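Following: one structure in structure tokens, then a few remarks.
The values are calculated or read from the model by the stated rules, or taken from the named source; none is laboratory data. In this text the structure is predicted, and so the values were computed from the model without any measurement. Glycine also receives a Cβ, built like all others from the backbone with ideal geometry; neighbour counts cover every protein chain displayed. Note: accessible area is taken over every heavy atom of the protein model, side chains too, but ligands, DNA and RNA are not part of it. Shrake-Rupley method; radii C 1.70, N 1.55, O 1.52, S 1.80 Å.
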Amino acid sequence: MSPIRSYIPGFRKNFISFATAALLFYIAGSASSAAEPQSGSIPEIHRIADIFQPLSRPAELLLEPTHLVLLICLGIFLVVIAVLVYVLIKFRPRGPEDHLEEPPQVYGSYNIEMAWTVIPCLIVFVLVLVSARSIVEIQDQPMPEGALKIRLIGHQWWWEIQYPDLGIITANEIHVPVSSKDGKQRPTHIILESADVIHSFWVPQLAGKTDLVPNRVNHTWIEPFKTGVFLGNCAEYCGTQHANMLLRVIVQTPEDFQKWVENQQQLPPEPKDAIAIQGKKDFFELSCVSCHKIDATPAEGVFGPDLTKFAIRQTLGAGVAANTPENLHAWLHDPDSLKPGCYMPDMKLSPQQLDSLVAYLQTLK
Ligand code: CUA
């Protein structure tokens, strides 16, 4: 399926094997697989689902309860398997006569019934207390004065990202400055909202899941201690393209983050090539403008992602493909081929329109 699926390295393709490997490593008591940098054009990608390698304070706070829950579950698993194996061996058929005789029928055992009622209740009680303590600890964390604030709005199937204090609107890629464990703390406060259905914010190495619920405002925060790209995705089934509602958190040094902010606050340059100039004309003549916004132009649509700085983004279609001219061409030609069921329509563009729009969109940086 096109150059696209193969793009996101170690993400979808390796997800299941990675999750399985992580679980096996954990059960074996060894360290989970290391978050090694991946090769490719993007320097360092921290793998998804590696909750055992937290690189941010909220994720760190969850590590201990996660270990506890897994250990308790492992204990239950071992007890169940041990009882099962014992019963299978002890009561195995020993001869043909065993098949003719009905085994003794037992009704009710006060001791056993008490045991399987009380013990699970105690376990659930402990887990509830542990979870509640972690939730309160993370939710009640006071944000320092002047902490970076982000409004993250879930849409089917992409993420709108607003920096209200900086006047920036972007999509699918959150840029934040790196924090220091002992030095200057730079947490990012994330306000979570939804434009349609329930979504869930989850960047495993940075923070646990928090839902984005229509008509409700939720809060979370991240405080990454390492630069690089952190992969996340929507963790609540939200429709056809839920699996392709991918999110990137790009953690930068404060200087690089500042550069990104300054660039975002400027308008993109006017296109210079004839083909890009034609693309700009086409863009405003087609109905692109009813769904997309480009600052300081008549394009005011808010149904789709803001395109003002589209060309800077690493991916398109909420992470479904790398943001390359070929992929953009394929996306504009038939969005459904990359993201079946998405709300970006097939505009039936002519080959000339496709070329000119690709050229124009690439100037948006
Ligand atoms: Cu949004 Cu699942």
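For Thr240 and Lys281, calculate 0.36 nm times their separation in residues minus their Cα-Cα distance, and state this gained length in nm to one decimal. Don't skip to the end; give the middle numbers.
On the way: separation 41, 0.36 × 41 = 14.76 nm, distance 3.30 nm.
Contour length minus the Cα-Cα distance gives 11.5 nm.
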Inset, instruction - Measure nothing fancy, just the Cα-based angle from helix 57-90's long axis to the longest principal axis of the chain, in degrees from 0 to 90, nearest 10. - result: 40
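With n ≥ 4 as the cut-off for DSSP H runs, can you work out [θ] at 222 nm for the chain, using -39500 (n - 2.57) per run divided by the number of residues, rounded to the nearest 500? Could the numbers behind the result be given before it?
Values: 9 runs with 129 residues, N = 365.
The per-residue figure over the chain is -11500 deg cm²/dmol.
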Legend entry - Percentage relative contact order, the range 95-232, counting C-alpha pairs under 8 Å, at least six apart: 19
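Could you quote the convex hull projected area for the range 87-198, Cα atoms only and averaged over all directions, in nm²? Walk me through the numbers before you get to the answer.
Details: hull surface 63.2 nm².
Result: 15.8 nm².
Can you sort Thr117, Thr220 by 1.4 Å-probe accessible area, starting with the largest?
Working: Thr117 70, Thr220 5 Å².
Result, largest first: Thr117, Thr220.
Taking the Cβ of Ile277 as the center, what net charge do the other residues with Cβ under 14 Å away carry, scoring Lys and Arg +1 and Asp and Glu -1? Spell out each step's value before the answer.
Numbers: positive: Lys272, Lys280, Lys281; negative: Glu270, Asp273, Asp282, Glu285, Asp355.
Net charge in that neighbourhood comes out at -2.
Computed FRET efficiency, Cβ-Cβ of Glu145 and Arg94, R0 56 Å: what is it to the nearest 0.05? Write out the running numbers ahead of the final one.
On the way: r = 76 Å, r/R0 = 1.36.
Efficiency at R0 = 56 Å is approximately 0.15.
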Legend entry - Solvent-accessible area, 1.4 Å probe, carbon plus sulfur percent, for the range 167-252: 48
Inset, instruction - Answer with one residue from Leu307, Leu192, Phe230: the one whose Cα lies farthest towards the positive end of the charge dipole of the range 170-328, charges on Cβ with Lys, Arg +1 and Asp, Glu -1. - result: Phe230
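Assuming a viscosity of 1.567 mPa s and a temperature of 4 °C, what translational diffusion coefficient in µm² per second does Stokes-Einstein assign to the range 146-200, Rh being the Kirkwood radius over Cα pairs? Don't skip to the answer; put the middle values down first.
Numbers: Rh = 12.2 Å.
So the translational diffusion coefficient is about 106 µm²/s.
How much length is gained on full extension from Val302 to Asp273, taking 0.36 nm per residue of separation minus their Cα-Cα distance?
Extending this stretch completely gives an extra 7.6 nm.
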Inset, instruction - Could you check how many percent of all C-alpha pairs in the chain are farther apart than 26 Å? - result: 59
Inset, instruction - Using Cα pairs closer than 8 Å and at least 6 residues apart in sequence, work out the relative contact order for the chain, in percent. - result: 16
Inset, instruction - Give the span of the range 186-327's Cα atoms along each principal axis, as three whole-Å numbers ordered largest to smallest. - result: 48, 37, 28
Inset, instruction - Round to the nearest 10 and report in Å² the accessible area of Val87, as given by a 1.4 Å probe over the protein chains' heavy atoms. - result: 60
Legend entry - Farthest positive-ward along the chain dipole, Cα basis, beta-carbon charges - from His175, Pro164, Gln252: Gln252
Inset, instruction - Would you please give the FRET efficiency between Glu326 and Asp196, computed as 1/(1 + (r/R0)^6) with r the Cβ-Cβ distance and R0 = 25 Å, to the nearest 0.05? - result: 0.25
Inset, instruction - Can you tell me the dipole magnitude for the chain around its Cα centre, using point charges on the Cβ only (Lys, Arg +1; Asp, Glu -1), in Debye to the nearest 20? - result: 440
Legend entry - Span from the the range 248-286 Cα centroid across to the the range 170-213 one, whole angstrom: 23
Inset, instruction - Calculate one ³J(HN,Hα) per residue across the range 198-203 by plugging θ = phi - 60° into the Karplus curve 6.51 cos²θ - 1.76 cosθ + 1.60, and present them in order as whole Hz with x for glycine and proline. - result: 7, 10, 9, 7, 8, 10
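Could you pull out the pairs from Lys259/Lys339; Lys280/Lys309; Lys293/Lys339; Lys226/Lys339; Lys259/Lys348 whose alpha carbons sit more than 26 Å apart here? Please report the intermediate quantities before stating the final value.
Numbers: Lys259/Lys339 32 Å; Lys280/Lys309 14 Å; Lys293/Lys339 21 Å; Lys226/Lys339 31 Å; Lys259/Lys348 38 Å.
Lys259/Lys339; Lys226/Lys339; Lys259/Lys348, as the Cα separations exceed 26 Å there.
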Inset, instruction - Just subtract the alpha-carbon distance of Ala115 and Ile135 from 0.36 nm times their residue separation and send over the number in nm, one decimal. - result: 4.2 nm
Inset, instruction - Compare the peptides 313-325, 104-116 by average per-residue count of other Cβ atoms within 10 angstrom and give them in order, highest first. - result: 313-325, 104-116
Inset, instruction - Find the accessible area per residue for the chain; the probe is 1.4 Å, ligands and nucleic acids are left out, and the unit is Å². - result: 54
Legend entry - Nearest-20 debye value, the range 40-164 charge dipole, Cβ charges on Lys, Arg, Asp, Glu: 180
Legend entry - Listed peptides 126-135, 228-237, 174-183 by packing density, highest first (mean Cβ within 10 Å): 228-237, 174-183, 126-135
